[in-house]
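Notes follow the structure.
Nothing in this text is a laboratory measurement; each read-out follows from the coordinates by a stated rule. The structure displayed is predicted, hence computed values, not measured ones. In this analysis, Cβ positions are derived from the backbone assuming ideal geometry, glycine residues included, and neighbour counts consider all displayed protein chains.
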Amino acid sequence: MERETRPAVVVGAGPAGLCAAIELKRAGAPVLLLDENSKPGGQLFKQIHKFFGSQEHRAGVRGFEIGKDLLRESLDLGIDVRLDTEVVGLDPNLNVWAVEARKRSYTLEASRVILATGATENAVPFPGWTLPGVMTAGCAQTLINVHRVLPGRRVLVVGSGNVGVIVAYQLLQAGAEVAAVIEAAPALGGYGVHTAKVRRAGVPMLVRTTIVRAEGSEGVERAVLAEVDGKFKPVPGTERTLEVDAICLAVGLTPSIELAALAGCRTFFVPELGGHMPLHDEFMRSSVPAVYVVGDIAGVEEASTAMEEGRLAGIHAAHSMGYLDREEMERRTADTRRRLRALRQGVFGEKRFVAKERVLAEKEKECP
Amino acid sequence: MPVNPDSPDLDERTLKTLGAPSLAELKAAGVVPSREEMAARPCVCVECIEEIPCNPCETSCPQGALTVGQPITNLPVLDRDKCTACGLCIPACPGLAVVIKSLEGNLAKIRFPWEYLPGPAKGEEVEMVDRLGNPVCPGTVVSVINPARNNRTAVVTAEFPAEHVDEVISMRRKTWP
């Protein structure tokens, strides 16, 4: 079996990228893992809650502990991890343009590229949204769980998906008050067990409610809310004011597809998975066969699904480079796929499963 | 989304509108023990009524009394005859959805998960709350345990007047001095 010696380059050392690099290295393939941050782990080290899933998905383990385990594993395997390294370019011939510590720029020739670049938080504009104290939920989570700084004493959370309610819970744990979690839709979005634990701590949850404006002189002092009609328009006369000094926006995420677009990967619009995302097949291969997409770039889901997608791509890339025979690749990916399927069921997961099936079908149709 | 205000059925469901399930919603899901059952023995209450992919309660139970099975989005099913109320499922549930309740004369006892600081101390007088976070009645902390295997989820036991056994789910958070 002829083996490719140019490395597989993994961009992004979050849960998906770490797992992809681990599977490649385990198979004996040369791999380089690049991340723009000074620490690997992506968002995992901000996750102080216990994860869902089953034992084989590390359920019951807190996110940051899963991060520590993945780091230990990648160190034990001797994976070449380059931190403070931003990937700013990628062409269809797999030339990777990296900038190290904002000083040195170089290109790498890769034999495979696995893009694990994650997603970007959405914002919702309203008068006053540029006041200090208005931030995304991820920003608040970074402040409390990484830097141990309380972003406010009394916080409004906009958006009731799992991110919004988990960050509301962590703000309470950090010692803040949460004035309310608001949701424009008629039903709360997050898992009922998450909303229930925040609600029993006395946090009001308001559906059909939006933020009209934020007020304050030097920073946020108040948030003005209003009820919305069936078309999400504020209903006149329903305005009310909450005294808050911080506002966290948890209104969804959008896949970070810039590098995939530069490489020429075909994209597809999937609202359930966060918007435009690269098409991919069952092994996470994009329309450019040597470029894989894993984790939130391939549709916004969760860390547990991101890790399995990373494994799928890592195993398949190692096979395609000649480091695993077909039988072994199929055996390993079958396990991964079974675990992934288990996470995409039920009222929440089924929708994502159906959306992913649509992505696979479109990939098959557009670039078989 | 049109809601018929005359439909009592919809009025009683509050999980997706207020954030916490109503008693009616929980009873319909079959997860609320009767007073007779709670007087006879401590009863595990798994307030997990939405299909999410999760089964640590099942794997935590040494008696095999909690079953999720396949797919792991199944709701947990409790076999009270096998349950010894050991309480290992309380810190195992990532959703903090498991409590154990019992009745002894005029007093109710609840064991519930707790992940806030400052934590309560044995003997402390606290305020018990319902699922919406409303104060219900005073309570007394009987014990607080947090062994390493709980992975930082403490289990608090508190006593309170028996008549509030159905509403009470936890205690009010303490504030820093």
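Looking at chain A, the DSSP beta bridges with both ends there are about 55 percent antiparallel.
The amide H of A:W129, built 1.01 Å from its N in the peptide plane, has A:A214 as neighbours under 5 Å, considering only residues 5 or more places off or on other chains. For chain A, a simple Cβ point-charge model (Lys and Arg +1, Asp and Glu -1, everything else neutral) yields a dipole of about 720 debye relative to the Cα centre. Working from label points 7 Å from Cα in the Cα-to-Cβ sense, the B:W176 to B:Q70 distance is 4.9 nm. When segment A:237-368 is described by a simple charge dipole with +1 on each Lys and Arg Cβ and -1 on each Asp and Glu Cβ, the residue from A:T267, A:V244, A:H319 located farthest towards its positive end is A:H319. Summing charges over all other residues whose Cβ lies under 12 Å from the Cβ of A:E177, with Lys and Arg as +1 and Asp and Glu as -1, gives +1. The packing ranking of peptides A:122-132, A:195-205, B:20-30, A:252-262, highest mean first, is A:195-205, A:252-262, B:20-30, A:122-132, where packing means the average number of other beta carbon atoms within 10 angstrom of each residue.
The order of B:R80, B:R149, B:R131, going from fewest to most other C-beta atoms within 10 Å of their C-beta, is B:R149, B:R80, B:R131. Using the Cβ of A:A110 as centre and a radius below 12 Å, the other residues enclosed give a net charge of -1, where K and R count +1 and D and E count -1. Sorting A:278-286, A:64-72 by average packing, meaning the other beta carbons within 10 Å per residue, from highest down gives A:278-286, A:64-72.
Within 12 Å, Cβ to Cβ, of A:Q55, how many net charges do the neighbouring residues add up to if Lys/Arg are +1 and Asp/Glu are -1? Value of the local net charge: 0.
Applying 1/(1 + (r/R0)^6) with R0 = 35 Å to the Cβ-Cβ distance of A:R222 and A:R148 gives a FRET efficiency near 0.85. Candidates A:V300, B:T140, A:L225 compared by Cα position along the dipole of the protein assembly as shown: farthest toward the positive end lies B:T140, with charges placed on Cβ.
Which shape class, rounded, prolate or oblate, goes with segment A:273-317 when its Cα gyration tensor gives a ≥ b ≥ c as root eigenvalues, a/c under 1.5 marks rounded, and past that a/b bigger than b/c marks prolate? Note, shape of segment A:273-317 comes out oblate. A simple spin-label model places the labels of A:V124 and A:E330 4.9 nm from each other, with each point 7 Å out along Cα-to-Cβ.
The mean number of partner chain beta-carbon atoms within 10 angstrom of a residue's beta-carbon across peptide B:52-62 is 6. Rounded to the nearest 5, what is the percent of antiparallel bridges among the DSSP beta bridges in segment A:1-159? Around 50 percent antiparallel, to the nearest 5. For segment A:1-144, the relative contact order works out to 27 percent when only alpha carbon pairs closer than 8 Å and six or more residues apart are counted.
Less than 16 Å from a label point 7 Å out along the Cα-to-Cβ axis of A:A361: which backbone N atoms in segment A:248-271 qualify, by residue? In segment A:248-271, the label zone of A:A361 (backbone N under 16 Å from the point 7 Å along Cα→Cβ) covers A:268-271. At full extension, A:K103 and A:R82 could sit 6.2 nm farther apart than now, given 0.36 nm per residue minus the alpha carbon distance. For the residues of B:70-77, the average number of beta carbons from a partner chain within 10 Å of their own beta carbon is 4. Taking the average, over residues, of other Cβ atoms within 10 Å as the packing measure, peptides A:220-232, A:50-62 rank A:50-62, A:220-232 from highest down. Computed from Cα positions, the angle between helix A:326-343 and the longest principal axis of chain A comes to roughly 10 degrees. Distance check, please: which entries in A:K197/B:K27; A:K197/B:K109; A:K356/B:K16; B:K101/B:K122 exceed 23 angstrom between their Cα atoms? A:K356/B:K16, as the Cα separations exceed 23 Å there. Just want to confirm a number: the relative contact order over chain A, from Cα pairs under 8 angstrom separated by 6+ residues, in percent. In percent, rounded to a whole number, it is 19. Applying 1/(1 + (r/R0)^6) with r as the Cβ-Cβ distance of A:E243 and A:T5 and R0 = 60 angstrom yields a FRET efficiency of 0.45. Once C-alpha pairs closer than 8 Å and six or more residues apart are averaged by separation and normalised to the residue number of segment B:1-154, the relative contact order reads 17 percent. When +1 charges are put on Lys and Arg Cβ atoms and -1 charges on Asp and Glu Cβ atoms, the dipole computed for segment A:1-151 relative to its Cα centre reaches about 420 debye.
Only aspartates and glutamates eight or more places from A:K365 in sequence, or on another chain, were considered; those with a Cα closer than 20 Å are A:D281, A:E282, A:E357. Counting, for every residue in A:54-61, the Cβ atoms of other protein chains within 10 Å of its Cβ and taking the mean gives 6.
Between A:V354 and B:E163, the distance separating the two model label sites (each 7 Å from Cα on the Cα→Cβ line) works out to 4.8 nm.
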